[in-house]
Amino acid sequence: MTITAPPPDAAIAPGVVSAFVIRHVMQLGHKLGVGREPLMARAGVSEADLAPADGWVRQDVLERLLLCSLDYWRDPVVTLRVVLAMDPAMMGVLGYLMQCCPTLIDMQQALTEFSRLISTVHAPSITHEPGVSLWAVEVRSRSEVFARHSEEGYLALCAQLIHRQTPEALLGVRLRHAPAMEAGLPHPLYARAFPCPVRFDQRRSALVVDPQALNRPLPFGDAAIFETLRQQARTLVQQLGAQPRLADRVKECLRGLLARGLSSREAVAAELGLSPRHLHRRLQEEGCRYQAILDELRSELAHKQLLQSRDGLDDIAARLGFSSAGSFSRWFRQTTGLTPQEFRRATLSG
């Protein structure tokens, strides 16, 4: 499969999804009773819309398809039905990568690093609260219905991947939308899609994962295959050319700069050929903040290094761009409620 770059204006325009994935989703929907041709006719979608030359289906096309599907077939959880019928292989390299991760923390990092191989509609992130790890996702759309279905579908797919390997790690799910109802109760398909407690009307949509499970070996993990697929995924990301969102470009730039002890907005702006003010303004247009991107990446890398290495805090702090182990410890405690030593001790002892 040849992968080309998303449209150049994808950073400020609605997102895109791989036509390879959409083709499989449409086939599944047809098997579940959502007729392909009638749906396309009602939505005003052409074959060219679903098989564009650049390989990316526009978000507005997907919005029309979903809304017409809901209006005609009256199934409020159609997205969850499709996800439950999906095979991870339908996500290409990313799907195979998810199935052979040695640990959940490897799965976390792969999701955030490579999700744009299949979609720029979904913006995944990893955050931490005292006692839990949050695998969050945000979908921006003019349609709240589309955003709800997209976020639910993404998290349901992640939940199924986790549950197959380590069901005890999944503590719950938070959904920022109200539930689809049946007979006055949340639709029963939520219980199948999310094999854990589900809470609705939350601040953000996220899976709640036990941090003590992050570094345990997964039963189907294979470090050699994982590394081979990860290198292939990185090659595919490089082939994408222009990054779909400026926030993604900033995050990837920071990965390299942090290794050199740099983390300032000025250093990132220089790498991207922008002025610091222009970088700030462009990120604001995407609804992002530079410090939030830096904190998210630092959190991802800090948790992995604390769990998968025996390095001291001075070394980890330097690799994350902190001036000292003390400043790193204060930042870590502010974001997680624990010191790095407490987190490492509590998690590894589990």
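The values are calculated or read from the model by the stated rules, or taken from the named source; none is laboratory data. This one's a predicted model, so the numbers in the text were calculated from it and none came from an experiment. Because the Cβ atoms are built from the backbone with ideal geometry, glycine has one as well, and the counts that use them run over all protein chains shown.
Per-residue answers, yes or no, for (1) crowded, with 21+ Cβ neighbours inside 10 Å; (2) in contact (Cβ under 8 Å) with a residue 40 or more places away in the chain; (3) in contact with a strand residue (DSSP E or B) (Cβ under 6 Å, 6 or more places away or on another chain):
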{"position": "Ser141", "(1), (2), (3)": "no, yes, no"}
{"position": "Leu161", "(1), (2), (3)": "no, yes, no"}
{"position": "His177", "(1), (2), (3)": "no, no, no"}
{"position": "Tyr190", "(1), (2), (3)": "no, yes, yes"}
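Scoring Arg216 on the criteria (1) of a type outside the set (Val, Ile, Thr); (2) outside any helix (DSSP H, G or I); (3) under 25 Å from Asp106 (Cα atoms); (4) in contact with a strand residue (DSSP E or B) (Cβ under 7 Å, 6 or more places away or on another chain) leaves a single failure, condition (4). The criterion of being surrounded by fewer than 17 Cβ atoms within 10 Å (Cβ to Cβ) and within 26 Å of Ser115 (Cβ to Cβ) does not hold for Arg333.
Of the residues Asp75, Asp54, Asp106, the single one that is assigned to a helix (DSSP H, G or I) and of a type outside the set (A, V, I, L, M, F, W, C) is Asp106. Asp314 fulfils the conditions (1) of a type outside the set (Lys, Arg); (2) at pLDDT 90 or above; (3) buried (at least 19 other Cβ atoms within 10 Å of the Cβ); (4) in a helix (DSSP H, G or I) except for a single criterion, (3). Quick check on segment 286-311: of everything there that is of a type in the set (Lys, Arg) and assigned to a helix (DSSP H, G or I), which residue is modelled with the lowest pLDDT? Here the residue is Lys304. Restricting segment 33-51 to residues that are surrounded by 14 or more Cβ atoms within 10 Å (Cβ to Cβ) and assigned to a loop (DSSP other than H, G, I, E, B), the residue that is farthest from the chain's Cα centre (by Cα) is Gly35. Given the structure, is Arg289 touching a residue at least 24 places away in the same chain (Cβ under 8 Å) and either in the same structural domain as Arg319 (by TED's automatic domain parsing) or crowded, with 19+ Cβ neighbours inside 10 Å (or both)? It is false that Arg289 is touching a residue at least 24 places away in the same chain (Cβ under 8 Å) and either in the same structural domain as Arg319 (by TED's automatic domain parsing) or crowded, with 19+ Cβ neighbours inside 10 Å (or both).
Looking at the structure I just gave you, is Glu252 modelled with pLDDT under 90, of a type outside the set (A, V, I, L, M) and either surrounded by fewer than 19 Cβ atoms within 10 Å (Cβ to Cβ) or touching a His at 6+ places or on another chain (Cβ under 9 Å) (or both)? Yes: the conditions hold for Glu252.
Of all residues in segment 36-63, those that are more than 13 Å from Ile22 (Cβ to Cβ) and either outside the structural domain of Pro188 (by TED's automatic domain parsing) or of a type in the set (Lys, Arg) (or both) total 1.
The set of residues in segment 235-249 that are closer than 19 Å to Cys101 by Cβ and either surrounded by 13 or more Cβ atoms within 10 Å (Cβ to Cβ) or in contact with a strand residue (DSSP E or B) (Cβ under 9 Å, 6 or more places away or on another chain) (or both) comprises Leu236, Val237.
Being more than 24 Å from Pro124 (Cβ to Cβ) and either at pLDDT below 90 or assigned to a helix (DSSP H, G or I) (or both) is a property that Glu342 has. Determine whether segment 88-101 contains at least one residue that is hydroxyl-bearing (Ser, Thr, Tyr) and surrounded by 22 or more Cβ atoms within 10 Å (Cβ to Cβ). No, that holds for no residue.
Restricting attention to segment 325-347, the residues that are farther than 18 Å from Ala292 by Cβ and touching a residue at least 40 places away in the same chain (Cβ under 8 Å) total 5. The residues of segment 71-80 that are crowded, with 18+ Cβ neighbours inside 10 Å and not polar (S, T, N, Q), listed by number, are Val77, Val78, Leu80.
For Val137, are the conditions met, namely being crowded, with 20+ Cβ neighbours inside 10 Å, touching an Asp or Glu at 6+ places or on another chain (Cβ under 7 Å) and under 30 Å from Ala224 (Cβ atoms)? So Val137 passes the test.
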